[in-house]
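Just below is one structure, and these are the notes that go with it.
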Amino acid sequence: MPHQNFVFALFFLSTVASPLLAEEARLSLQTAQIKALGIETVAAGAITGSRSGSYPAQVRVPNEQMRVVAAPVGGLVDMLAVAPGSTVKRGQVVAHLSSPQALELQRDALQAGSQAGLLQQNLKRDEQLFAEGLIAESRLQATRAAASQASAQASERRQGLALAGAAPGKLGGKLALTATIDGVVLEQGAQLGQRVETSALIYRIAKLNPLWLEIQAPVDIAAGLREGSLIKIAGSEVTGKLIAIGRAVDAASQTVLLRAEVSKGAETLRPGQVIEVEIAASNSAQQRLPASALIRNEGTTVAFVQTASDAKGVSFEARPVRVISQGGDSVTVDGIKPGDKVAVKGVSGLKAMLTGVGKE
């Protein structure tokens, strides 16, 4: 063995106390050794792939912020007060319907109300007669049951009339359809003069802040993310956070649906818009590394993290890590923090030192 290799072998033995048996295995190398082994490090967070990159997303309105104005009964669209893009207030009249069915509802409600009133008068009369001993209790009970049934029927007719938007207490007039939330009209489903059926869409109204972003991300990226992770819309300063990570994988694209919420800056987005988003690295304990940065030793996956550096040399810690996911030439691991300097080249030389290779 040449003299130089002999010196290096002695140094390797002096720096390695034992194979990797604990989390604190450390190696110290001089500057000349770093150069000879071709060791290069990169700070976690700056490694290619340590950010999840840009992915397509579509802007959606949260379900709870959307309402539909629909025809409660069949009829003729007599008036449309707003159009897509209009801002509306809760309770604002947005359309009128002319409907024979609404006239029937008004008639039934009036009849049921009159019948209930009449039977209430009969009940008062029979209660007085029973108190005076002029009628049997069975007649009073029959009158009370009839009055109760008529009252329930009148209440049902009034509720049906209210749901239809018809004015109670009179026949005729238009059905006034109103907005049920403050928001923006996204869609108009009927035209002026059109005959529509029951439940036909007239308007779709939505509150546009906050908004959702539905993102399709590769499985290995989604595996390293957590709810609360930050996202950023590419080419802008608008940011949001992940609120849901799908559990199902799309069979065709092998992607997972991520849902993010955007509040500040939501006014710059439009429902249905397709954009690109950047997903930040998952969290302080998980980073993406080149697969070449890892070794296996005695059943443990290890990365070499630089712990000290001065004029005399550099120290590395053989740090056990847990692989979260793997895709292509990179892996997501748990146990590396942002800013940690990880050896990405010359790793085989470090492994040789760690396992005692070169003792001959």
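Descriptive notes on the structure:
- Links that overshoot a 19 Å alpha carbon limit, given the list LYS35/LYS337; LYS264/LYS337; LYS232/LYS337; LYS35/LYS345: LYS35/LYS337; LYS264/LYS337; LYS232/LYS337
- Contour minus Cα-Cα distance for GLU276 and ARG125 (0.36 nm per residue): 46.8 nm
- In a DSSP loop and with at most 12 other Cβ atoms within 10 Å, the GluC sites (Glu not before Pro) in segment 237-311 are GLU237, GLU298.
- Each of ARG296, ARG90, ARG204 was scored by other Cβ atoms within 10 Å of its Cβ. Arranged with the fewest first, they read ARG296, ARG90, ARG204.
- Cα→Cβ-extended label distance, 7 Å offset, between ALA32 and THR307, nm: 2.5
- Inter-label distance for SER236 and THR198, nm, one decimal - labels placed 7 Å from Cα along Cα-to-Cβ: 4.3
- Sparse packing (at most 16 other Cβ atoms within 10 Å of the Cβ) combined with a DSSP loop state is found for the following GluC sites (Glu not before Pro) in segment 89-137: GLU132.
- Spin-label model distance (nm) - VAL93 vs ASN63, 7 Å beyond Cα toward Cβ: 3.4
- Neighbour-count order for TYR203, TYR55, fewest beta carbons within 10 angstrom listed first: TYR55, TYR203
- Gain in span if fully extended, GLU261 to SER292, counting 0.36 nm per residue against the direct Cα distance: 7.6 nm
- Gain on full stretching of the segment that runs from ALA43 to ILE135 - 0.36 nm per residue minus C-alpha separation: 23.3 nm
- Per-residue Cβ neighbour rank within 10 angstrom, fewest leading, THR332, THR41, THR355: THR355, THR41, THR332
- Residues whose amide H falls under 5 Å from that of THR198, counting only those 5 or more places apart or on a different chain, are GLY74, with hydrogens built in the peptide plane.
- Partners of LYS174 within straight-line reach, counting lysines whose Cα lies under 22 Å from its Cα and excluding those fewer than 8 residues away in the same chain: LYS89.
Quick note: the coordinates plus some simple rules give every number you see, no bench work behind them. Please read all numbers here as calculations on a predicted model, not as lab measurements. Here Cβ is always computed from backbone atoms with ideal geometry, including for glycine, and neighbour counts include all displayed protein chains.
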